[in-house]
Each structure stands twice: as C-alpha cells, then as structure tokens.
1. Against the definition (in a helix (DSSP H, G or I) and in contact with a Leu (Cβ under 8 Å, 6 or more places away or on another chain)), how does LEU208 come out, yes or no?
2. Being out of contact with any Leu (no Cβ under 6 Å at 6 or more places or on another chain) and either part of a helix (DSSP H, G or I) or under 18 Å from ASN168 (Cα atoms) (or both) is the filter here, so list the residues in segment 194-205 that pass it.
3. Give segment 211-236 a look and list any residue that's outside any helix (DSSP H, G or I) and surrounded by 15 or more Cβ atoms within 10 Å (Cβ to Cβ), or say none.
4. What's the total number of residues in segment 165-193 that are out of contact with any Asp or Glu (no Cβ under 8 Å at 6 or more places or on another chain) and either assigned to a helix (DSSP H, G or I) or not assigned by TED's automatic domain parsing to the domain that holds ALA223 (or both)?
5. Limited to segment 58-84, what total is found for residues that are touching a helix residue (DSSP H, G or I) at 6+ places or on another chain (Cβ under 8 Å), among the charged types (D, E, K, R) and over 20 Å from VAL141 (Cα atoms)?
6. Would segment 133-144 turn up any residue that is within 20 Å of LYS8 (Cα to Cα), in contact (Cβ under 8 Å) with a residue 24 or more places away in the chain and buried (at least 16 other Cβ atoms within 10 Å of the Cβ)?
7. Output the residues belonging to segment 61-102 that are β-branched (Val, Ile, Thr) and over 13 Å from the mean Cα position of the chain (by Cα).
Amino acid sequence: MPEEHISKLIILQKTLKYEFNNLNLLNKALTHKSYTNEISLPLKNNERFEFLGDSVLDLIVSNYMILKYENLAEGSLSKIRAAVVNESCLAKLAKDINLGDYLFLGKGENLSGGREKSSILSNTYEALVGAIFCDSSFQQVSKVFLPSLIKEIYKHKDACSFEDFKSNLQVYTQNRFGCIPSYKVIGEKGPNHDKQYAIKAIVRNKELGEGTGRSKKEAEQIAAKETLKYLLSKEG
C-alpha cells in the first residue's frame, strides 16, 4: 500500500477516533466499484460492506431509540429511523467527515464529480460502518457513529412522532357513524401573548373529549385524542 495512501487512511482514522486492527478493511470500505472495474488487480469493492452497514445502522438507531424513547410507538420509531438511515442524511454525515476525499474511484466517476454524489457518499458511509463492525464489535461501532446519529434523530423526532389525532378521529367517525367531528371553543384565558384555549370535540351533537393548548390547533388535537380514546373504550 503506497505511503501516501496510508497517510490518508491515518487521517481518516483520527477523524473517526477509531484505529483499525485490519487496515485492509478500511481500504476495502473506501473502494468504489468503478475503481475495481478499471484495474486488473484482484481488489474487491465496498458493496458487501455497504449491505452490512445498512443493517448495522438500522440496529444502532433502533437500539438507541428503544432505550431513550419508551413512550414512542413502533410506527413513530420506524419513521424516525427511515428519516435518519437514508441516502440524503447519510450523504450529509459523510460530507461532515470529508469522506469523499478518501474514496478510490474510477477515472470516469472521479471526473464526473463522484466524490460529491449523494448515492456514492451514502453507500460509502454504510460501507465504513460495516467495515468497523467487522473489525471490532457492535458496541465499538455504536461508539464511533452514534453521536452524529443522535443529532439527526433529534432533528426528526418531533416531526416523525407527531400523530394527527384529528385525522384519525375523522376517519373513525366517518366509518363508524357516517359523520365527521366538529370542534367548539369553550374557554380562553391568559394574555394575547400567552393565551390558553379550551376546546371540545363534538360527535353526533355530543360534546366528548376536551383539550387545552396554547393554540386552537393544539387544543383540537388533544380533544380529538381524548375523544378517540373514549370511543374506542366503548367498543370494548
């Protein structure tokens, strides 16, 4: 392995704060298929590591969220994971560590801007995860990648864990009763800059669940949630 190349791999390892036991695994993780297609040497590309790394990333994110967010439903957890372990997010994480600078690309791919392509960067990031997993353990690969993944989880948590109870209630009442719910403001308190609204959800002319919130939309969501909970309990 050329000395210049080894120097680059040393820099990447310092960035990752992880030193490979087998440097050939790192070398393989950075080798794109366009590179191996152009040379006659019996080198392997990173596609198998990419396959492995995708699964390891899913497990790292899932394991963290299961322990951290005990109250989130499976559907919300799946949405957050999908928002984190995907091409655009992983390409961003790859750019954060300048992963494109270390790639082995074919001449054509290099000239066409392959070092900046989201698909190549995200795949290489997955391959890097797979390589470290093979070189060490799940605990170690989590230690390397989880800090940056946590930041992405936080970014997507609120949006992905939001459940639209108003829509859920409307679907339920349409299917069950052939009607849609309405909402009525039953109280307001506080100054304009910090007002609290109290709202009742009405189904078939009956006032059911009540919600309070800093906006009418928030109060309506809570009222819908309580109403849906009440109606579902009646089915039991």
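The values are calculated or read from the model by the stated rules, or taken from the named source; none is laboratory data. Since we're looking at a predicted model, the values are computed, not measured. For neighbour counting, all protein chains shown are included, and Cβ atoms are generated from backbone atoms with ideal geometry for every residue, glycine included.
1. Values: in a helix (DSSP H, G or I): no; in contact with a Leu (Cβ under 8 Å, 6 or more places away or on another chain): yes.
No: the conditions fail for LEU208.
2. Matches in segment 194-205: ASP194, ILE199, LYS200, ILE202, VAL203, ARG204.
3. GLY211, THR212, GLY213
4. 14
5. Looking only at that region, the number is 1.
6. Within segment 133-144, one or more residues are within 20 Å of LYS8 (Cα to Cα), in contact (Cβ under 8 Å) with a residue 24 or more places away in the chain and buried (at least 16 other Cβ atoms within 10 Å of the Cβ).
7. ILE66, ILE97
The rows are residues; the columns are (1) in contact with an Asp or Glu (Cβ under 6 Å, 6 or more places away or on another chain); (2) in contact (Cβ under 8 Å) with a residue 24 or more places away in the chain; (3) not hydrophobic (A, V, I, L, M, F, W, C).
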site: TYR18; (1), (2), (3): no, yes, yes
site: ILE60; (1), (2), (3): no, yes, no
site: ILE66; (1), (2), (3): no, no, no
site: ASN71; (1), (2), (3): no, no, yes
site: SER78; (1), (2), (3): no, no, yes
